[in-house]
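The values are calculated or read from the model by the stated rules, or taken from the named source; none is laboratory data. The shown structure was predicted, so the numbers you read here are calculated from the model rather than taken from an experiment. Here the Cβ is made from the backbone with ideal geometry for all residues, glycine too, and neighbour counts use every protein chain on show. Only protein heavy atoms, including side chains, enter the accessible area calculation; ligands, DNA and RNA are left aside. Shrake-Rupley method; radii C 1.70, N 1.55, O 1.52, S 1.80 Å.
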Amino acid sequence: MTDFAAVGATYDTYSNSGRGRLRHDLVFRRLQAELPGRPVRVLDAGCGTGEMTLRLAAAGHRVTAADASDDMIAAAASRLSAHPELTAQVRFLNAAVEVLDVGGETFDLVCCHGVLMYLDEPATAVARLAGTVAPGGVLSILAKNRAAIGSREALRGEYALARDLIESGTGVSVGHLGVRTRGDTAEELDRIAAEHGLSPLPWQGIRVFNDHRAKEWAPEPDEYASALEAEWAASTRDPYRQVAPLVHTLARRAPDGSSR
Ligand SMILES: C[S@@+](CC[C@H](N)C(=O)[O-])C[C@H]1O[C@@H](n2cnc3c(N)ncnc32)[C@H](O)[C@@H]1O
């Protein structure tokens, strides 16, 4: 497994950059659109330093935040401690997603964002996560877009590398944190979710226009707001979303718990 203790600080820098905020804002906006207007039970599997955990808790939800890394859980807990009004809503669990055991508990929202790319294959984890989705609940997966591997490198002007990635079809490249990561397609993730009784919802492409930005990119508020709206408009539309570096897939279990 990737040593997240070593990349934790880098991850926070990335997460707080303009580029990182775009990802979080686009995903969070979509989650809010899919959630009922009342507090629900959430599982954030691979919670990292807790960005989505904190946002969801601040929105009133009860969050089980799981991660395979003690260091990432400690970082998330430390961020949470700055918000004492939220601490009762969050519990932490040290667990790898492929073997996650929540004792039969189910959740109205199950997030797994930025994790599958570090695993050898997606099916085991998606199966485990799908099993924790309550009737009417949603599984939300953010993964590296296998279909667009190489576009980030090309936009940065790293043409030889981009060409290798595009032609090789391996679906593996080096991500922002400097580690090799594996891509999945939205179609494949939707297919696996459907195999486990969930109905896929329209997927989003994340950061269509701004993936190549340097971590120092810090747009003025007006520019950021315009960028976010352009990204939001493109995120559910073809052909734009197809070339996004990240795919956000969502799938819902029928309210009566049946498989459709
Ligand atoms: C890039 S961070 C993403 C964090 C957070 N979900 C987000 O979107 O900001 C990846 C996280 O996945 C965790 N992770 C990696 N492999 C995992 C596994 N097999 N099970 C659970 N967590 C894992 C890492 O410890 C790290 O915290």
Exercise for review: Considering every residue within segment 143-163, establish whether at least one is of a type in the set (Asp, Glu), open to solvent by less than 60 Å² (accessible area, probe 1.4 Å) and modelled with pLDDT of 95 or more.
Suggested key: no
Study note, to complete from the structure: Taking segment 60-95 and keeping residues assigned to a loop (DSSP other than H, G, I, E, B), touching a residue at least 40 places away in the same chain (Cβ under 8 Å) and open to solvent by 30 Å² or more (accessible area, probe 1.4 Å) leaves Ala68
Exercise for review: Starting from segment 37-59, take each residue that is free of Cβ contacts under 8 Å to residues at least 24 places away in the same chain and list its partners that are more than 8 Å from the ligand (Cβ to nearest atom), counting only C-beta distances under 7 angstrom and pairs at least six apart or across chains.
Suggested key: Pro39/Gly60; Pro39/His61; Pro39/Arg62
Point to revise | Residue in segment 157-178 that is among the small types (Gly, Ala, Ser), under 24 Å from Asp12 (Cα atoms), out of contact with any Pro (no Cβ under 9 Å at 6 or more places or on another chain) and outside any loop (DSSP other than H, G, I, E, B) present | key: yes
Check your understanding: When segment 181-209 is examined, which residues are found to be open to solvent by 10 Å² or more (accessible area, probe 1.4 Å), assigned to a loop (DSSP other than H, G, I, E, B) and within 30 Å of Pro255 (Cβ to Cβ)?
Key -> Thr185, His196
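Results for (1) aliphatic (A, V, I, L, M); (2) at pLDDT below 95; (3) assigned to a helix (DSSP H, G or I), shown as yes or no for each residue.
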{"site": "Gly8", "(1), (2), (3)": "no, yes, yes"}
{"site": "Tyr11", "(1), (2), (3)": "no, yes, yes"}
{"site": "Ser15", "(1), (2), (3)": "no, yes, yes"}
{"site": "His24", "(1), (2), (3)": "no, no, yes"}
{"site": "Leu31", "(1), (2), (3)": "yes, no, yes"}
{"site": "Arg38", "(1), (2), (3)": "no, no, no"}
{"site": "Leu43", "(1), (2), (3)": "yes, no, no"}
{"site": "Arg55", "(1), (2), (3)": "no, no, yes"}
**Study point:** Every residue from segment 100-121 that is in a strand (DSSP E or B) and within 10 Å of the ligand (Cβ to nearest atom)
**Key:** Cys111, Cys112, His113
Check your understanding: Counting only residues that are at negative phi, within 11 Å of the ligand (Cβ to nearest atom) and open to solvent by less than 20 Å² (accessible area, probe 1.4 Å), how many does segment 24-53 have?
Key -> 8
Practice item. With respect to Ala134, determine if the residue is open to solvent by less than 10 Å² (accessible area, probe 1.4 Å), on the phi < 0 side of the Ramachandran plot and of a type outside the set (Lys, Arg). Key: yes
Review point. List pairs: first in segment 102-115 and open to solvent by less than 20 Å² (accessible area, probe 1.4 Å), second of a type in the set (Asp, Glu), Cβ under 7 Å, 6+ apart or cross-chain?
Key: Cys111/Asp44
Exercise for review: Tell me which of these Gly178 doesn't satisfy, since it passes every other one: (1) farther than 17 Å from Gly114 by Cα; (2) loosely packed, with under 13 Cβ neighbours inside 10 Å; (3) touching a residue at least 24 places away in the same chain (Cβ under 8 Å).
Suggested key: (1)
